[in-house]
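The values are calculated or read from the model by the stated rules, or taken from the named source; none is laboratory data. Note that the structure is predicted; figures quoted are calculated from it, not measured. Positions of Cβ are generated from backbone atoms using ideal geometry, with glycine treated the same way; all protein chains shown enter the neighbour counts. Accessible surface areas use protein heavy atoms only, side chains included; no ligands, DNA or RNA. Shrake-Rupley method; radii C 1.70, N 1.55, O 1.52, S 1.80 Å.
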Amino acid sequence: MLQTLLPILIFAALAVGAAGAVRRTRLWRQGRRTPMRWHRLALMPKRYLNDLHHVVARDKAIAHTHVATAGGYVAAMALALVVHGFGWRNPILGGLLLAASLVMFMGTIAVNLRRVNPPAKLSKGPWQRLSKSLIAYSVGMFLVSLPLVGVAPTVLGGGVLAIVLAAVLVWGLLEMVVGMGWGGPMKHAFAGSFHLAFHRRPERFDDNHPDASPKKTHDVHRGSRSTALFPLDLTAKTLGVEKPADFQWEQLLGFDACVQCGRCQSVCPAYAAGQPLNPKKLIQDMVVGMAGGSDSRYAGSGYPGIEVGKHHGGPSDAIVPQLVEAQTLWACTTCRACVEECPMMIEHVDAIVDMRRFITLERGETPEKGAVAIDNLIATDNPGGLDNASRLDWAADLELPRIQDRPEGVDVLLWLGDGAFDMRNQRTLRSLVKILRAGDVDFAVLGEEERDSGDVARRLGDEATFQRLAERNIATLSHYRFARIVTADPHSFHVLGREYGAFGGDYVVKHHSTFIAELFDGGRISVTAPAQAESVTYHDPCYLGRYNGEFAAPRQVLAALGLEVAEMERSGYRSRCCGGGGGAALSDVPGRARIPDMRMEDVRETGATTVAVACPQCTAMLEGVVEPRPRIRDLAEMVADALVEPTAAMNATSAPSQSREEEPA
Amino acid sequence: MSVRRLDPHAERARRNRLHPRHHEFARPAWRWTSADGVTRINPHALGAIGPNGIKRIDRSGAAVEASPAGGASTSAEPARRQIVIDQPVGHVVVVPELPEGRLNDHDRDLFGLARQLADGHDLAVTAVTFLSGVSGFEDAGADRVVDLSAMVTEGYDPEPRLAALVDVEAALSPRHWIFADSLPDGGDLGRRLAARLLPQSASQGANASVGDARPATRVWQLSEGKTLSRAGDRQDILRDVARVLLALPECAEPVSETRHEARVIELATMGGELSSAANEAPASGVIDRGRVAVDPQEIPLAQAPFILSAGRGISDWEGYHHAARVLGASEGASRVAVDDGYMPRSRQVGATGTFVTASCYVAVGISGAVQHLQGIAKCQRVIAINNDPSCDMVKRADLALIADGDAVLAAVCERLGQPRDQTGSDGSWTDEESRHAAA
Amino acid sequence: MPQPEPQAAAGTPHDVKTAVLVSSGRHPVSGRAGRAREDARAVEMGLSLVGADLSLVHAGDPEQASLRECLEGYLGMYHGLDDDRDGQLSLLPLRAGEDALPLLAAWLERSGVRLALTGQRAECGEGSGMVGYLLAERLGWAIATGVAAIERCDAESVTVLQALPQGQRRRLEIRLPCLIAVDAVAEAPRQSAFGPARRGRIETVDDLLPADESRLDTGSADWQWQPARARPKRLKVVKSTNARDRFKAAAAKSSASGGQVLTDLSPEEAAEKLIDYLRAEKILAQDDQ
């Protein structure tokens, strides 16, 4: 009986699953269309086996489980199609089918073990069911294939057992084939593979990209760190994303690929601080919006402080506030920890910024201080609303060379960033100037012609202001000749280096840590070992590390100073954000804890007395932590203090910086 | 006599850029960008001459111009000369603000300005007041006083006041009207009068006097028969003295060496026909419905007159809120108190929060970070209550009490008869508020 | 940010035609053109009163380069309202040296406006704050200045709160039609958003007055404009007939030099000192027990 039933079951499941898949595809294609490039489907296997798997393999056990389960399933399904579906009942194939089912079963056992006491980050509900369904499928497929190799009792062919077996198999097929098309947990395989093929950032998979990391371990990006935000067409009918259908269809596809593994949730600084953001829930809400309905069926952790089940959405309904509260979007620090962790390569930050763009550009509901900063940027070119001509006031005694006086060009254009208005950061900048002078670097500054890079405006969603600033900065830079730009601000570094390209500004931009490391390498500066060894840890700024892949240079600099770095548990590509990026310091969404306090806790755990930083924003956030706490020092300050002066005359430059800080403006 | 003397030669040379000695007198910019692109600051062009004749450049932000109340008063004031003008050929009318029924500094400046216009032209400075029983006009510099209190009511009734002023205009035809350019008081009334007078002057024909008919607003200096008034967009207007002047504080030195008779005159005796605009006034367009009690917590922090600010030194937050209610103070907070979630972000005082202008600022348990001190730079009086006598807030404070903040606030409530456990969260701010208004 | 509008909720008559007279603002630091701060508050007040029915008017030189950008700043405030109509602004073209008053008066009369809002002073030009008063005088309207909020508006009158120094308020009832000058302490203006600003319409109205009428503003012909000078700080002049007093006063330390520090106080003593000080400074009333 099973012999006749099996092909019907398999083909029926495939047919119903395919119908569901067509429907699912229609859901994705509600998004804004882009030209379809079918040939990209061919890229999928490599992206799956290589790029995706390296992210998964950061957790070895899960990787092995998934290889066994998924590999066993794909093999078993293909063989079952041949053997049971088309009736080519070859004992060898049957043996392979049995083996595949067995492998899958073993993986399934691991899955079930993990699901006995699932960690908080995992979603339950259908995902809990999936673990059982996997058993049903693998066991059912194993048992039903046993007769192929002749070891099975023939009673399996009929009677009550056969009915039971058929029922188990139907359960398995429903979950594994039909569910794939109709939106069960297994849709991740279907959506995920298409998502890999049609990913909006193909550079992330390009091993030969000039930016790609040469090291190929699990911990580094395989391809380029494609982290620049996509420019927005300011003449478009709607600006940003109001409703799910405003996303590009690839983005909707990407949301649908989510496996709710919760890795994003466990690394999100806002979630940990009890702010109402959970990247996993956000992506699931986007899926709810795309398919229509309410979030009541979501079976994972919600947004802290916001009840699950009260929100609903549809493809053409506004997302904020029916589906997602605005606070959720403003809590994001754009640190990209979620994107870095996501095994499905989902782009959370792009989605959040897209929705912020609508809120800011169309609704004018940027959080209050953010709106003030944007107004200031429009009026004065810096977010503090200060006189741009006072950008160099802190350096009155340094006689910084101006690029305006160097028509023949300079080697290094020193980009000061908005830290030039901040008394704390001015100390860093003075140190950096001292280092540049000690290294005999041919540098100059733009002075009052420098404007804010537009980073804050862009992350707050004000693409119009960002583009205006970018165009003006690019126009200014086009007047002058320089080989490269060096900046102590990773945000400027990222925006100038990666995001201005789309507006016609292509520059070689180096972060000061990279540049100082180069000075050390070239033997252009020398330092004395510190008199007493202090224990140091290093905090990776998001926009330097995750955004731009610079993890090595700062550590190289610290090593050159003779310091041993006591690494925090979360460092490098897993560094935890200071809470100051993406305008989050301005939107200031309340939570249980403050992000910088949590980060300082990380620092304290290392026992370090000094935390080395490389970003003005991180400095400000970490110094905002109540004392007593480890000292916070920029790399440039540490190097400048240890510098062996080439001439005694240079001594004068560092002395006044201490007293300046005390002085109220 | 420490009268500031102007050297007319120097002034002329300074104004005339073609003058051969112009450079000697021209005031140089205090900051400029030199040829090699470096910002230069000339300390000699900065600052003000202190009372001891030494130039002082004060960048501390800690200095408060107001002298401590009651202290350092001028001890032996020289006797003033009595000036009597019996038969004035005309009038310069000053309409003082008289907040709380007294002449304030701004009013005295207005009289100083009026004296500059009147002296030497045999004109009388005439004060027009809507309050009776105001003293001090003699020393302020008024030759005549017109009391219009009978024609108006208390509160805000600009239309009867305007009608009364039109009567004065008819009776005295003053050469100049001087108002304080403050809204919604003198600035409002002055502009109403100017708008009323303008069509008349304009209808007299487009002659040279038309320019004078337009009121000069925000006047801040009078020199050589011209007034300087501040315009928008960082510009000044130099023009002939207008008929109606709305002047800023410190527009002129107050009268200090003379005393005037301040003779009360009745409009009816002046002979001019009273238009009695007040009698035929149409139904008033603006009706004053009275003061509104304002909860100190609802006053925007930047304008609050009295702030009780809390920092890390506070642990009894209920007690603190209660003390703020008892004292009728607006609540403020340091950044840390806000970060710790005890106070809303909108209450944060400092460079990263709100810059406050309170006349009295009480900082309880705030050590005084640089940003916080920047935020309270404009507060007239600062009181610090702190356990740590060495902290910056104590250095900044006019009065520093080295004690535990929680305990002091509790004791304050006790002393004011409203200890915390007896009074609940009643709306006691309202009567506190009225006391404020009175104070 | 979305503005709660409790005052407008109570039966706002949408038949009271409301307009805001807007001007071109100057940023106090950079001098760049943008929304004028008080005018933006007036627009905010108008929007929370009548929503998208609010009309805007500006009399200015249409040739001026930054004008469009600046006016779009006001149009960008038309969001978060009950209906999503785009903002509309009437631009009354004015050449340099012409008087705006007849144009504005004619426009207000023609468009049937009964409630006109504006800031107290323009941020460029003379900035005398006279336009409102002259318009009110010319049209016979009531005018109130320093308004911080509109509490109620019906067909006959509008009830407002007037801002007094140090956060105090006074309630005024004003007969319509009237002109209201909005104070800088009124509700902060909502953000100007790029999208609505881009969609808002600016309509040029140039048939208000007969072309031959001379509108030249002759009053200011002989004024001299000059960059604003820093106002001199008033010196503390010590008046005394005897040299010793003058010397003592001059040699006295400046008032900024530190305050009184009282240590070793019990809380009760400290409380007494605090209360005494506050009473001496008239922060607390004397009779307070």
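When the listed pairs B:Lys395/C:Lys282; A:Lys281/A:Lys310; A:Lys124/A:Lys281 are checked against a 18 Å cut-off, the alpha-carbon distance exceeds it for B:Lys395/C:Lys282. Taking the DSSP bridge list for chain A and keeping only pairs wholly inside it, about 10 percent are antiparallel.
Measuring r between the beta carbons of A:Asn50 and C:Asp86 and using R0 = 45 Å, the FRET efficiency lands at 0.35. Helix A:126-145 and the long axis of chain A differ in direction by around 40°, with both axes built from C-alpha atoms.
Once you place label points 7 Å from the Cα toward the Cβ at B:Ser149 and A:Ile8, how far apart are they in nm? Between B:Ser149 and A:Ile8, the simple spin-label model gives 10.8 nm. Could you tell me how many degrees, from 0 to 90 and to the nearest 10, lie between the Cα long axis of helix A:463-477 and the main elongation axis, the longest principal axis, of the Cα atoms of chain A? The two axes meet at around 50 degrees. Comparing the full protein assembly with the isolated chain (1.4 Å probe, heavy atoms, ligands and nucleic acids excluded), the residues of the range A:605-645 losing at least 20 square angstrom of accessible area are A:Gly624, A:Val626.
Counting only protein heavy atoms and rolling a 1.4 Å probe, how much accessible area do C and A lose on contact, total for both sides, in Å² to 100?
Numbers: alone 18240 and 26120 Å², together 42810 Å².
That pair of chains buries around 1600 Å² in total.
Computed from protein heavy atoms with a 1.4 Å probe, the total accessible area buried between B and A is close to 1500 Å². Within the protein assembly as shown, DSSP assigns beta bridges of which about 30% are antiparallel (rounded to the nearest 5).
Across the range A:40-176 the C-alpha pair distances fall into 5 Å bins from zero in the proportions 2, 10, 16, 20, 19, 14, 10, 5, 3, 0 percent.
Please state the equivalent ellipsoid semi-axes for the range B:301-438: what are the square roots of 5 times the Cα gyration tensor eigenvalues, largest first, in whole Å?
Values: eigenvalues 95, 54, 41 Å².
Values for the range B:301-438, descending: 22, 16, 14 Å.
Calculate, in nm to one decimal, what A:Met106 and A:Asp233 gain on full extension: separation in residues at 0.36 nm each, minus their alpha carbon distance.
40.6 nm
For the range A:520-529, putting each phi into the Karplus relation 6.51 cos²θ - 1.76 cosθ + 1.60 with θ = phi - 60° gives couplings of 5, 4, x, x, 8, 10, 9, 10, 9, 5 Hz, in residue order, rounded to whole numbers and with x for Gly and Pro.
Here the spin labels are modelled as points 7 Å beyond Cα on the Cα-Cβ line, and at A:Leu161 and B:Asp86 they lie 14.0 nm apart.
Note on A:Ala299/A:Ala42: beta-carbon distance plugged into 1/(1 + (r/R0)^6) with R0 of 25 Å gives a FRET efficiency of 0.10.
With Cα atoms defining each centre, the range B:119-188 and the range A:273-300 are spaced 69 Å apart in the structure. Per-residue Karplus couplings for the range A:358-371, computed as 6.51 cos²θ - 1.76 cosθ + 1.60 with θ equal to phi - 60°, are listed in order as 5, 4, 6, 7, 9, 9, x, 10, 4, x, 3, 5, x, 5 Hz, Gly and Pro entered as x. Projecting label points 7 angstrom from Cα along Cα→Cβ for B:Thr258 and C:Thr204 puts them 5.7 nm apart.
Shape class for the range A:319-391: oblate, because the ratio a/c of the largest to smallest gyration tensor axis (alpha-carbon atoms, square roots of eigenvalues) is 1.5 or more and b/c is at least a/b. What number comes out for the charge environment of B:Leu228, summing +1 per Lys or Arg and -1 per Asp or Glu over other residues with Cβ under 11 Å away? So the environment of B:Leu228 carries a net charge of +4.
Given a Förster radius of 25 Å and the C-beta distance between B:Asp340 and B:Ser390 as r, what FRET efficiency does 1/(1 + (r/R0)^6) yield to the nearest 0.05? E(calc), rounded to 0.05, equals 0.60. Separation of the range A:309-323 and the range B:214-254, taken as the distance between their Cα centroids, equals 59 angstrom.
Report in % the part of the accessible area of the protein assembly as shown that belongs to carbon and sulfur, leaving out ligands and nucleic acids; probe 1.4 Å. On the protein assembly as shown, the fraction of accessible area on carbon and sulfur atoms equals 54 percent. May I ask for the distance between the Cα centers of the range A:1-72 and the range C:177-202, given as a whole number of Å? One Cα centre to the other: 53 Å.
Debye-formula intensities of the range A:496-589, expressed as log10 I(q)/I(0) at q = 0.10, 0.15, 0.16, 0.23 Å⁻¹, are -0.36, -0.75, -0.83, -1.20 (one equal scatterer per alpha-carbon, no solvent). In the full protein context, the protein assembly as shown carries 42 Å² of accessible surface per residue, based on a 1.4 Å probe and ignoring ligands, DNA and RNA. As a size descriptor, the averaged projected area of the C-alpha convex hull of the range A:373-662 was calculated at 14.7 nm². Charge tally for A:Arg458 (other residues, Cβ to Cβ under 15 Å; Lys, Arg +1; Asp, Glu -1): -4.
log₁₀ I(q)/I(0) of chain A at q = 0.05 Å⁻¹, via Debye over equal Cα point scatterers, no solvent, to two decimals? Summing over Cα pairs of chain A leads to -0.28.
Put simply, chains B and C cover up around 8700 Å² of each other's accessible surface, both sides summed, when a 1.4 Å probe is used. With a/c under 1.5 counting as rounded, go ahead and sort the protein assembly as shown into rounded, prolate or oblate using the C-alpha gyration tensor (a ≥ b ≥ c being the square roots of the eigenvalues; past the cut-off, prolate if a/b is larger than b/c, else oblate). Taking the square roots of the gyration eigenvalues as a ≥ b ≥ c, the protein assembly as shown is prolate.
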